[in-house]
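Note sheet for the following structure.
The values are calculated or read from the model by the stated rules, or taken from the named source; none is laboratory data. All figures in this text were calculated on a predicted structure; none of them were measured in a lab. We place every Cβ from the backbone using ideal geometry, glycine too, and count neighbours over all the protein chains shown. These area figures cover heavy atoms from the full protein model, side chains too; ligands, DNA and RNA do not enter into them. Shrake-Rupley method; radii C 1.70, N 1.55, O 1.52, S 1.80 Å.
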Amino acid sequence: MSEWRAFPKLELHLHLEGAAPPAFIRGLASEKRVDLSGLFDEAGHYAFRDFRDFLRVYEAATSVLRNPRDYARLTRAVLETSAAEGVVYTEAFLSPDFCGGGDVVAWRDYLAAMQEEAAAVAAQGGPEMVAIVTAVRHLGPDKSRKVARCAAETAGDFLRGFGIAGDERAGAATDFAWAFDCAREAGLGLTAHAGEWAGPESVRAALDVFRPSRLGHGVRAIEDLALVDRLAEQGIVLEVSPGSNVALGLYPSWAAHPIAQLAERGVKVTVSTDDPPFFHTTMTREFDALAKAFGWGAEEFATLNRTALEASFAPPALRQRIAKIIGETQ
Ligand code: ADE
Ligand code: ZN
């Protein structure tokens, strides 16, 4: 049993579908008589070869989530799994592309179902959750505009942010500028996946065009120290998922991951799991691996929590509740 399991943890970067336990997806598939056997290995884990194949398996698994009730059940399954790892606060990425195909009326029903279930889990002592709508970059700019409209129409105490995920190499940042402008005008917090599958130029474009306060991953900024210094000076917070990066082959080992170097050079970093069952990780395993690779302990983990709380998109009352739980004063 890890000494870090009970440590209260904040997670800012978790794709709801990507956090679906394989057994949950298989259960839905059998209820709906859909054959998903090719998506799993012999041990029942998700099976994929590389990032593009990961996206294919992710989208195929998601295809059995067909209505708001399925998403409510997914929300509970994910939050209960996180609770067992000491997670007290989660910012979950939700994709209107998979929840009603970008139609605002349908999206409202999906969002309401997830919000209601998240509130029920929190009332039972589970983690608090807020939502970030994500456009899927490889689905193109037209869909990103629809998804941004869904986000803008439903912004509130539960839906707090907007971002972009998917294949970072698809299209130019400017193709997605309208979506970010729409979300910014609606008062949503902004984050963008960049510096994962493309290098410093992609990070610069994301900063210049999307003007986010946070970046998903952002780790390949390390390839250009002037950019690292810009991240530090602007106080851009990185949602780092080292276990995801190592599992997808971005770095050959935990020891080779740049998270400690980025932090040492003054960049604000947080730690998340991204898509935990796909990458055989949990928040506890991330903490264990950071302790082993870089000698991080209670002090560094408290700093991660403080940074995550500051960077979170939580409304003020919720932020104060989480601050109390982690013993920080605001
Ligand atoms: N969607 C789910 N996980 C992702 C990742 N690691 N990168 C980009 N898009 C994603
Ligand atoms: Zn991600």
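Only one of A172, A135, A118 is over 17 Å from R73 (Cα atoms) and either within 16 Å of ligand 1 (Cβ to nearest atom) or in contact with a helix residue (DSSP H, G or I) (Cβ under 6 Å, 6 or more places away or on another chain) (or both). Can you tell me which?
Answer to the check: A135.
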Quick check on the stretch 129-150: of everything there that is open to solvent by less than 40 Å² (accessible area, probe 1.4 Å) and of a type outside the set (A, V, I, L, M, F, W, C), which residue is farthest from the chain's Cα centre (by Cα)? G140
With respect to E264, determine if the residue is acidic (D, E), within 19 Å of the chain's Cα centre (by Cα) and at negative phi. no
Whichever residue in the stretch 139-179 is under 14 Å from E91 (Cβ atoms) and assigned to a loop (DSSP other than H, G, I, E, B) and, among such residues, is farthest from ligand 2 (Cβ to nearest atom): D157
The residue from E233, E264, E286 that alone is open to solvent by less than 30 Å² (accessible area, probe 1.4 Å) and within 25 Å of V203 (Cα to Cα) is E286
Do you know which residues across the stretch 217-230 are open to solvent by 10 Å² or more (accessible area, probe 1.4 Å), away from ligand 1 (no atom under 16 Å from the Cβ) and in contact (Cβ under 8 Å) with a residue 12 or more places away in the chain? I222, E223, D224, L225, D229, R230
If I filter the stretch 124-138 for residues that are touching an Asp or Glu at 6+ places or on another chain (Cβ under 9 Å), in a helix (DSSP H, G or I) and within 16 Å of ligand 2 (Cβ to nearest atom), do I get at least one hit? yes
Sort through P242, P127, P212 and tell me the only one that's in contact with a His (Cβ under 6 Å, 6 or more places away or on another chain) and closer than 29 Å to R285 by Cα. P242
I'd like the residue in the stretch 245-261 that is within 13 Å of ligand 2 (Cβ to nearest atom) and in contact with a helix residue (DSSP H, G or I) (Cβ under 7 Å, 6 or more places away or on another chain) and, out of all such residues, is least open to solvent (accessible area, probe 1.4 Å). N245
Scan S37, S30 and give me the residue that is modelled with pLDDT under 95 and over 22 Å from the mean Cα position of the chain (by Cα). S37
Search the stretch 7-29 for residues that are without any contact (Cβ under 8 Å) to a residue 60 or more places away in the chain and pair each with any residue that is buried (at least 24 other Cβ atoms within 10 Å of the Cβ) when their beta-carbon atoms are under 6 Å apart and the residues are at least 6 apart or on different chains. I25/A61
Only one residue in D175, D167 is among the acidic types (D, E), touching a Gly at 6+ places or on another chain (Cβ under 9 Å) and farther than 18 Å from V104 by Cα. Which one? D175
Subset tally (residues that are buried (at least 16 other Cβ atoms within 10 Å of the Cβ), of a type in the set (A, V, I, L, M, F, W, C) and farther than 15 Å from A152 by Cα) for the stretch 98-121: 6
